[in-house]
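Contents: one structure, followed by commentary.
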Amino acid sequence: MDAVPAARAPSLEERFEVIDLYARYAETINDGRLDEWPAFFTEDCRYRVQARENAERDLPLATIRAESRFMLEDRVAAIRNAMLYVPHYWLHMISAVRITAASDAAIEVRANYCIIRTMQDRLSELFQVGRYQDRLVRQGGRLLFQEKLCVYDSLLIPNSLVYPV
């Protein structure tokens, strides 16, 4: 049986590193550098975008589900090569980034997010709000998402939910 890693208080450096990771994550998506987005994840990552109702009931149905970095890379390729859409800009705002648990094996983080979409010929619109429930691990000297759960609040979602949350 595997030993459970001992919980510990995160260091100040770790806290800053976590905040910086979330800022770089949002900046990468906002700047349209989608080819760089999968590099924020481990090879065996889990990425889900799920309605709050399903998350709170621990139901498996997710609007977007990926079980590896390869699946995230495939999503980016589909966005870049197979989709037709009106040009637009994204603004991910991430707040209240809080480490909820830490051990030598992983860091659990919770944060709020708000995504605003701006099309060139329309007013900006609120696209989605929710929270992240993430598990970070250190690989190659840097923190990566091993698990990213994006829980959105509204039951209604735009049909254009294909971009990273």
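The values are calculated or read from the model by the stated rules, or taken from the named source; none is laboratory data. Everything numeric in this text was worked out from a predicted model, so none of it was measured. A quick note on method: Cβ atoms are made from the backbone with ideal geometry, for glycine too, and the neighbour counts reach across all protein chains shown.
Based on what the data block shows, is ARG8 in contact with a Ser or Thr (Cβ under 9 Å, 6 or more places away or on another chain) and either on the phi > 0 side of the Ramachandran plot or surrounded by fewer than 18 Cβ atoms within 10 Å (Cβ to Cβ) (or both)? It would help to see each step written out before you state the result.
Working: in contact with a Ser or Thr (Cβ under 9 Å, 6 or more places away or on another chain): yes; either on the phi > 0 side of the Ramachandran plot or surrounded by fewer than 18 Cβ atoms within 10 Å (Cβ to Cβ) (or both): yes.
Taking the combined requirement at face value, the residue satisfies it.
Report, by residue number, each residue of the range 16-30 that is in contact with a strand residue (DSSP E or B) (Cβ under 8 Å, 6 or more places away or on another chain) and of a type in the set (Val, Ile, Thr). Walk me through it before giving the result.
Quick first cut of the range 16-30, residues in contact with a strand residue (DSSP E or B) (Cβ under 8 Å, 6 or more places away or on another chain) only: 17-19, 21-23, 25-26, 29-30.
Listed by number, the residues that qualify are VAL18, ILE19, ILE29.
Within the range 41-59, track down each residue that is loosely packed, with under 11 Cβ neighbours inside 10 Å and out of contact with any strand residue (DSSP E or B) (no Cβ under 9 Å at 6 or more places or on another chain). Can you show your working first?
First, the residues of the range 41-59 that are loosely packed, with under 11 Cβ neighbours inside 10 Å: 56-58.
Hits for the range 41-59 are ARG57, ASP58.
Which of the residues that make up the range 97-149 are over 22 Å from PRO164 (Cα atoms), touching a Pro at 6+ places or on another chain (Cβ under 8 Å) and outside any strand (DSSP E or B)?
ASP104, ALA105, ALA106
Considering each of ARG57, ARG69 in turn, give the residue that is out of contact with any Phe, Trp or Tyr (no Cβ under 9 Å at 6 or more places or on another chain) and of a type in the set (Lys, Arg). Break it down into steps so the answer makes sense when it comes.
Numbers: ARG69 fails: out of contact with any Phe, Trp or Tyr (no Cβ under 9 Å at 6 or more places or on another chain).
Step by step, each of ARG57, ARG69 is checked, and only ARG57 is out of contact with any Phe, Trp or Tyr (no Cβ under 9 Å at 6 or more places or on another chain) and of a type in the set (Lys, Arg).
When residues of the range 111-143 are filtered for being surrounded by 19 or more Cβ atoms within 10 Å (Cβ to Cβ), modelled with pLDDT of 95 or more and under 29 Å from ASN81 (Cβ atoms), how many remain?
So the answer is 5.
I'm trying to understand the selection: among the residues of the range 79-97, which are surrounded by 12 or more Cβ atoms within 10 Å (Cβ to Cβ) and either more than 30 Å from VAL137 (Cβ to Cβ) or polar (S, T, N, Q) (or both)? Explain how you work it out, then say what you get.
Here is the first cut: in the range 79-97, the residues surrounded by 12 or more Cβ atoms within 10 Å (Cβ to Cβ) are 79, 88-94, 97.
Within the range 79-97, HIS88, TYR89 meet the criteria.
Checking THR100 against (1) among the β-branched types (Val, Ile, Thr); (2) surrounded by fewer than 17 Cβ atoms within 10 Å (Cβ to Cβ); (3) touching a residue at least 40 places away in the same chain (Cβ under 8 Å), which test does it fail?
Among (1) among the β-branched types (Val, Ile, Thr); (2) surrounded by fewer than 17 Cβ atoms within 10 Å (Cβ to Cβ); (3) touching a residue at least 40 places away in the same chain (Cβ under 8 Å), THR100 violates only (3).
Looking only at the range 15-33, count how many residues are assigned to a helix (DSSP H, G or I) and at pLDDT below 95. Show your work before the answer.
Step one: filter the range 15-33 for residues assigned to a helix (DSSP H, G or I), giving 15-30.
Okay, now just the ones that are also at pLDDT below 95, so none.
Residues meeting the conditions: 0.
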